[in-house]
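The values are calculated or read from the model by the stated rules, or taken from the named source; none is laboratory data. Values in this document were obtained by computation on a predicted structure and should not be read as measured data. Cβ: placed from backbone, ideal geometry, glycine included. Neighbour counts: every protein chain shown. Areas reflect the complete protein model, heavy atoms only, side chains present, ligands, DNA and RNA absent. Shrake-Rupley method; radii C 1.70, N 1.55, O 1.52, S 1.80 Å.
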Amino acid sequence: MASDPRIYALIGIFMVACIALIVFNFAIVRYHKRQTAPAAGKLKMWNFELYKQTAIKGGSKSVIRGGMRPGTTSRHERLLLRKLPNAEHLIAYSEALQNVKDRQPMAYSSYMSTYSKTAVFHKLADVYSRKSCIERTCYADFIGSFPEAAELSQGQLADSLISYIDDSNIYCRTKVLRACCRIGSLQGVANVLQLFHDRSLFMHKQLLANELADFSGDQSLLGERLWDECKSWNDNISEAVVSLWGH
Amino acid sequence: MADMLRVFIYYVSVFYLVYLIVFAAFSFLSISIGAYKLYMSNRVLRYKNKLKHDDLPVSVLIPAYNESVTIVNSVNSLLSLDYQQYELIVIDDGSEDDTAQKIIDTFDMKQAYRQIEHKLTCEPETAIYETVVNKVPLTLICKKNGGKGDALNMGINAAGHPYFVCMDADSKLQADSLKEIVAPVFEDDEIVAVGGMILISQCLQMKNGKAVRYRFPPNLLVCMQAVEYSRSFLASRILMDTFNGNLIISGAFGLFQRSAVVAAGGYSPNNLGEDMELVLKLHRFCRNNKIPYRMSYQPSAICMTQAPTTFRDLWSQRRRWHVGLFQSLVVHRRIMFNLKFGLVSFFSYLYYMFYELMSPIIELFGIFAILLAAYMDVLNIEYMIVFLVIYAIYGTIISLSAFSKQIYIQKFRVTFLDMIKTLFLCALEFIFFRYILVVVRIAAFIRYGRNKSTWGKIKRV
């Protein structure tokens, strides 16, 4: 054993492993740093793109009030359809859109009104229905944050969002319910709750109540609708409904 | 006779080579897969940060026994967490000091007269006090002494939410720790338990409820424990998490689904490793009943705990841990070589058996084998020294990798001097500290029968 050359081969393997580990550590640190870099670039791009869209309104040739300049809408729509299926872009777009919403509420509503007519957000909802759970969650969150996107296609968009519940987690389910509530789709909310019950999907009553309280449509109509159905639903859903409309 | 001994030593040396190579491969895999998983989870972190959501209500259970020095500070720190819906339940397990009175006085608690349904068996409560501080419901349950597991069972009985977090009375959380530990529940319906990352508080500098700087204290013993913790939490646990094979969720910080724990029978009051025993119990319960389940590990959920600063305290803590490991593995021995448990049986259980429980005996036996080989003049000293040096360098790099991952994930600030210190400490930990632990663990075996059901106490600073 003592003079066995395999011993030295073994020592060699250990040394190679040591070097590999050191290289690996450096590689990981480098890749971690690279991960954060592109996000800033995407946000910059969307800030600029939305600035262009809203600046046209502020200039002499108003586009948003009476509709976009021919070609501008379709070019921007094509850009949305091309870029937004990437969740990284969707997040950057959301941030840029939020900036517009905070700083220029009028320009924001005109912009959303223009693009909700083109059904671009409904098309994107369909694209996202074929994506991973976390990406679907991102899109549902986007609709929940910007419900004006569903201004003219509330029912269709709600249907697409409900399809996200297949193979979903609590993140996704919460965001789908929130989106349906924020766009004010009564039928959508009832369908979501029915699915939660039928498939025995876990949702804590407090989470349900918080989302239902944010319903942007007629609260009393929603209350009436859910009150009739909640008796056949599971305890969590019933308790959430009772806590909101029980009095 | 001499020939037989030579053959014996030959096979012993083969055994040790295999033993060390398997351990080295395990360490290598742990570090590589751990880093890859952290890299992947970082990729979706941006999505998750964007997806703000309401918090799932949780009950935080703090069992306490003679904790009058730290309990008020601990409760105070838990009352200002960045979390919307949680309740704090302190369970005073018949303390002989004024632990309960300090809480009652500090938070102006009022006695409540309510029944607690004992779904899990535990010693009866003697008094219940309640109040609300910063909109957080705070409950103190005083009960007869029954051990940590018994106190936790009482807490589970009193908990009002579907998930509970168990903690040590001397542990502290970062402001976002509850949010982080609950996150896996939002991601996976089958989660029954989530383990957090334990860091040593003496090494951390806090700012606005968040650890911002990592700095080694002057106490070498604490420093080496810090290195050991990061290797354990950022290597092996992440690897075992990939196949749902973690056998330990630290009692200092873990989240559990209440209904699953109640169904499995709760904590065992007489086990010194009640945290490990519960995890094994959940594995068995879910697999035996064919319940889909997952136990996750969340390295971004940080809990800070005080490490022992003296050999005496370290001795006492590690003895408890090792006896607890022994008790848990023995109680759940049916997991071993059981196909129903898959990798939990053939990887995790065997790892804990051979590389944790049996390691002191194996290492001690190794020293005897070296002495015997030297006596018989069959020891290749040159090779032995080269091998040990290379193995020590390898172990040091493994520790260093785990430690640098931790610094990187938590975005801690470290100085160049700290990095040099880290290198030195990683080497020292591998060469020196592990042998201290060998002695402690052997002592745990020898003195197994003594003080099996006491609370572990270390001197608080």
(Q) Show me, for region B:270-287, the HN-Hα J-couplings you get by feeding each phi into the Karplus relation (A = 6.51, B = -1.76, C = 1.60, θ = phi - 60°), rounded to Hz, glycine and proline as x. (A) 9, 9, 6, x, 4, 5, 5, 4, 5, 5, 4, 4, 5, 4, 5, 4, 5, 5
Q: Starting from region B:24-105, pick out the GluC sites (Glu not before Pro) whose DSSP state is loop and whose Cβ has at most 14 other Cβ atoms within 10 Å.
A: B:E96
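Starting from 0.36 nm per residue, how many nanometres of slack lie between B:L79 and B:Q205 once their C-alpha separation is accounted for?
Computed gain between B:L79 and B:Q205 is 43.4 nm.
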Q) Can you list residues whose amide H is under 5 Å from B:I191's amide H, if they're 5+ apart or on another chain and H is modeled 1.01 Å from N? A) B:R294
Q | Degrees, to the nearest 10: B:381-410 long Cα axis against longest axis of chain B | A | 20 degrees
Q: With θ set to phi - 60°, apply the Karplus curve 6.51 cos²θ - 1.76 cosθ + 1.60 along region B:303-315 and write out the HN-Hα couplings as whole Hz, x wherever there is a Gly or Pro.
A: 10, 10, 10, 7, 8, x, 9, 10, 4, 4, 5, 4, 4
Q: Evaluate E = 1/(1 + (r/R0)^6) for A:A20 and B:V72, where r is the Cβ-Cβ distance and R0 equals 35 Å; express this FRET efficiency to the nearest 0.05.
A: 0.10
Q | region B:200-275 versus region B:13-41: alpha-carbon centroid distance in Å | A | 20 Å
Q) Once you put a point 7 Å from the Cα of B:V389 and another 7 Å from the Cα of B:Y36, both along the Cβ direction, what distance in nm separates them? A) 3.3 nm
Q) Amide H to amide H under 5 Å from B:Y297: which residues, 5+ apart in sequence or cross-chain, H placed 1.01 Å off N in plane? A) B:G195
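Take the Cβ-Cβ distance between A:R199 and B:A443 as r, set R0 to 45 Å, and report the resulting FRET efficiency rounded to the nearest 0.05.
0.25
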Q | Per-residue average of Cβ from other chains inside 10 Å of B:391-397 | A | 3
Q.
Is the C-alpha gyration tensor of region A:17-245 telling us rounded, prolate or oblate? Criteria: a/c under 1.5 is rounded; beyond that, a/b larger than b/c is prolate, otherwise oblate.
A. oblate
Q.
Can you sort B:V132, B:V182, B:V262 by solvent-accessible area, 1.4 Å probe, largest first?
A. B:V132, B:V262, B:V182
Q | Table column - 3J(HN,Hα) (Hz), region B:215-222, Karplus curve with 6.51, -1.76, 1.60, x for Gly and Pro | A | 9, 6, x, x, 6, 4, 5, 5
Q.
For peptide A:6-14, what's the mean number of Cβ atoms from other chains within 10 Å of each residue's Cβ?
A. 4
(Q) What does DSSP give for region B:191-339 in terms of the percent of beta bridges that are antiparallel, rounded to the nearest 5? (A) 45 percent
Q | Surface share of carbon and sulfur [accessible, 1.4 angstrom probe, percent] for region A:17-245 | A | 53 percent
Q.
Using 21 Å as the Cα-Cα cut-off, could you pick out the over-long pairs in B:K144/B:K172; B:K110/B:K210; A:K123/A:K175?
A. B:K144/B:K172; B:K110/B:K210
Q. What average number of partner chain Cβ atoms lie no more than 10 Å from the Cβ of the residues making up A:201-208?
A. 4
Q. Between B:F8 and B:T126, what is the label-to-label distance in nm when each label sits 7 Å out along the Cα-to-Cβ direction?
A. 5.7 nm
Q. B:L199's amide H: which non-local residues (gap 5+, or another chain) put their own amide H closer than 5 Å, with H modeled 1.01 Å from N in plane and none for Pro or chain starts?
A. B:C303, B:M304, B:T305
Q: Find, among the GluC sites (Glu not before Pro) in region B:105-213, those assigned to loop by DSSP (not H, G, I, E, B) with at most 13 other beta-carbon atoms within 10 angstrom.
A: B:E117
(Q) Taking R0 as 30 Å, what FRET efficiency do you get between B:Y435 and B:L339 from their Cβ-Cβ distance, rounded to the nearest 0.05? (A) 0.20
**Q.** With Cα atoms, 0 to 90° folded angle of helix A:219-230 axis to chain A main axis
**A.** 70 degrees
Q | Global geometry of region A:190-235, whether rounded, prolate or oblate, following the gyration tensor of its Cα atoms and the 1.5 cut on a/c | A | oblate
Q. For the residue pair A:S243 and A:Y51, what label-to-label distance in nm results when each label sits 7 Å from Cα along the Cα-to-beta-carbon direction?
A. 4.5 nm
